[in-house]
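The values are calculated or read from the model by the stated rules, or taken from the named source; none is laboratory data. Keep in mind that this is a model prediction, so the values were computed, not measured. Don't worry about glycine lacking a Cβ; one is built from the backbone with ideal geometry, like all the others, and counts go over all protein chains shown.
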Amino acid sequence: MEEQSPHSDSTQPHVQRYLDNLAALYAIDPRLAARVDALPFAQLPPLEAAKDGNVTVRLTADDGKSVYVHSRYRPVEEARSLVDTLASRDQDAEADDDGLDSICFFTAGLGLGYHAAEIERRFSKPFLIITEDDLSLIKAAFCVTDLSTPMRERRLTILTSLDKAALHARLRPIMTPLMLGLRFVAPPHSRRYHVQFHAQVSSLLRDFVSYCRLQMVSVVRNARITCQNAAFNLATYVSQPGIEVLSQRAAGYPAIIVAAGPSLARNADQLQNLRQHAVVIAVQTVLKSLLRQGAPPHIVTSLDYHEISAQFFHGVEDFGDTILVAEPKVTWHVLDTFRGRTHTLHSGFIDDLLRDAAPQRGSLRAGSTVAHLAFYVAEYLGCDPIILVGQDLSFSDGLYYPPGMQIERIWQPELSRFQTIEMKQWERIARGRGGLRRVKDIHGRDVYTDDQLFTYAEQFQSDFLSSSASVIHASEGGMRLAGTEVMTLREATDRFCTRSLPDNLFALQPQTPQPDLGQRVAETFEQRLAELREIRQIAEETNELLERLTKLTERPAEFNRLIVRVDELRSRMRQNDRTYNLVSQVSQLAELRRVQADRAISDGATETPATARRRLRRDREYVTAFIEGCDYLLEMLPQALDRARERLS
């Protein structure tokens, strides 16, 4: 007798299975669920009985010929065979002990759901990303295969269009799983049915993964320095109002964002006359140039963690009424150097550090660059439209920097008739030739960009497409960006910059000094340091117990008695959850590894002494890294407290 399966009870729509799937889809993607629900059953492709008692379906391929989505004989076995290949690769990886488990699976085409169901069965709570633009096939799959569990648990995403903003919105919540392991699955029919759609979504996904990887690497690599900067910037954070005082200040007025792309040279001379009619927001890189030209911006943005960013503010005698908007993670050298009005954004690290003593601060989305931050500030101000200048994201005219930047002064000793500025510019581009790629500029011509700029563009385009403000690409050069309207700066200003800004647009009410602010900050620091010493001691004892447990994996009675003490320590640690969060924020690599360890602990594999030792080793690695994080904070926070006392006294 042929094997039966959950798919094989009927070739007719299975009502309850369909309703369960539809209800789960309504919870995660109501718009798609409504479209699927509205499709009449009469429009579904007819299901055909397979030899093993399951069903398959025949469609018209891209070449006009018929194609079966699944085997006509054993469709479930066919899906299992394909997934077996993936599972065997993971077993090989585990044997090599590389620690990389498959977490996300990108499947080209849903079919009748057999492949998705088999991946769900074989792997531990996988995340499933499925491309399928045929709604009738989705509805047929809902009648055949139960996919309600991964949908209810928000582990299944169905991508039905090439809308980049929608794709980013759907995938952003699973950025971490994407980084921990992604497999591409191509069922046989996907090579003949809607091939171009699957390929285009695959390309969009790869670009999104590149963007995620850049974000993840930056967070992990710079975790400690960004937390140190936030702690060292604490005096400004608590004593000056944050960005919340700027909310909707310029609603309905245009903003001009001045970035540092090569095309800026085309428009720099126009900016001096625009300050009265548009909110000018500049990235830190161009501040000195604008001040020299007599075109000071209303706002300058800064977020870079490295102290080299302070060079963009050194040597400025008068910042005038330019306002600095900075992320708290910005190097403390910037806030020490900038002598003017400053507003910082919300910091979760400072919230966990100060608790009830932390002031309420406004927050914006996280941006990769100062230009992203400038765009988010313009949105926060309520500006509309938002006009981009110098936003190339590519090497326009073979240039890396706009003419007149600080780098040219650094190059000056090397220049001669054999080594021109243009040659130095191209040399800077060619240095990254391995990561160069061709894209289209605003004129439809090929232009070079690199992987880093391309990932920045991905984030920008997602932001532009989802923004309620109109975005005008007025750089007159650079990469074409989805979600923007292209025009010259003069056309944009003639059309949108037609009224004067209010004189008191950014005026603030007088601030009442907070009494004993320095003392209250010092008291909270002392409390955190005491808590850190306590949880470090808990972690030390836990680490010793884990080492002992490693030697008891084949003596279950003794193992279980010792586990009781580990649980007691875990309970004590939970009593200091916000202090635990502080340590987690400076131990991002350990947190990433913990996610992998947690998934391994929750899988359904048979428990053996060998697997128990492997998990204990992972736990010990995490606890060791946690202790290092405690030591880092115990050394860094007293230094931050000294800075805060000096500046708040």
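Please enumerate the residues belonging to the range 342-352 that are farther than 17 Å from Asp304 by Cα, touching a residue at least 40 places away in the same chain (Cβ under 8 Å) and out of contact with any Lys or Arg (no Cβ under 6 Å at 6 or more places or on another chain).
Gly348, Ile350 - these are the residues of the range 342-352 that are farther than 17 Å from Asp304 by Cα, touching a residue at least 40 places away in the same chain (Cβ under 8 Å) and out of contact with any Lys or Arg (no Cβ under 6 Å at 6 or more places or on another chain).
Going by the structure shown, is Ala295 of a type in the set (Gly, Ala, Ser), assigned to a strand (DSSP E or B) and within 21 Å of Cys497 (Cα to Cα)? For Ala295, the condition - of a type in the set (Gly, Ala, Ser), assigned to a strand (DSSP E or B) and within 21 Å of Cys497 (Cα to Cα) - is not met.
Of the residues in the range 104-129, how many are of a type in the set (S, T, N, Q) and assigned to a strand (DSSP E or B)? So the count comes out to 1. Figure legend. Inter-residue proximity from the range 237-264: first residues farther than 16 Å from Thr342 by Cα, second residues of a type in the set (Ser, Thr, Tyr) and at pLDDT 95 or above, beta-carbon distance below 8 Å, spacing 6+ or different chains. Indicated pairs: Gln248/Tyr380. Looking across the range 298-339, the residues that are farther than 20 Å from Leu505 by Cβ, among the hydroxyl-bearing types (Ser, Thr, Tyr), within 26 Å of the chain's Cα centre (by Cα) and not in a loop (DSSP other than H, G, I, E, B) come down to Ser302, Ser309.
The helices (runs of 4 or more DSSP H) falling completely within the range 192-274 that include 3 or more residues that are of a type outside the set (A, V, I, L, M), at pLDDT 90 or above and under 30 Å from Val67 (Cβ atoms) map to 195-221. Being buried (at least 16 other Cβ atoms within 10 Å of the Cβ), assigned by TED's automatic domain parsing to the domain that holds Leu135 and at pLDDT 90 or above holds for only one residue in Tyr73, Tyr68, and it is Tyr68.
Checked against (1) part of a helix (DSSP H, G or I); (2) within 30 Å of Arg445 (Cβ to Cβ), Glu476 meets all criteria but (1).
Among the residues of the range 165-175, none qualifies, meaning not one is at negative phi, out of contact with any Gly (no Cβ under 6 Å at 6 or more places or on another chain), in a loop (DSSP other than H, G, I, E, B) and hydrophobic (A, V, I, L, M, F, W, C). When Glu476, Glu558 are checked against the criterion of being in contact with a Lys or Arg (Cβ under 7 Å, 6 or more places away or on another chain) and over 30 Å from Leu582 (Cα atoms), a single residue qualifies: Glu476. The residues on offer are Arg183, Arg154, and the sole one that is outside any helix (DSSP H, G or I), over 15 Å from the mean Cα position of the chain (by Cα) and at pLDDT 90 or above is Arg154. Of the residues in the range 253-265, at least one is polar (S, T, N, Q) and buried (at least 22 other Cβ atoms within 10 Å of the Cβ).
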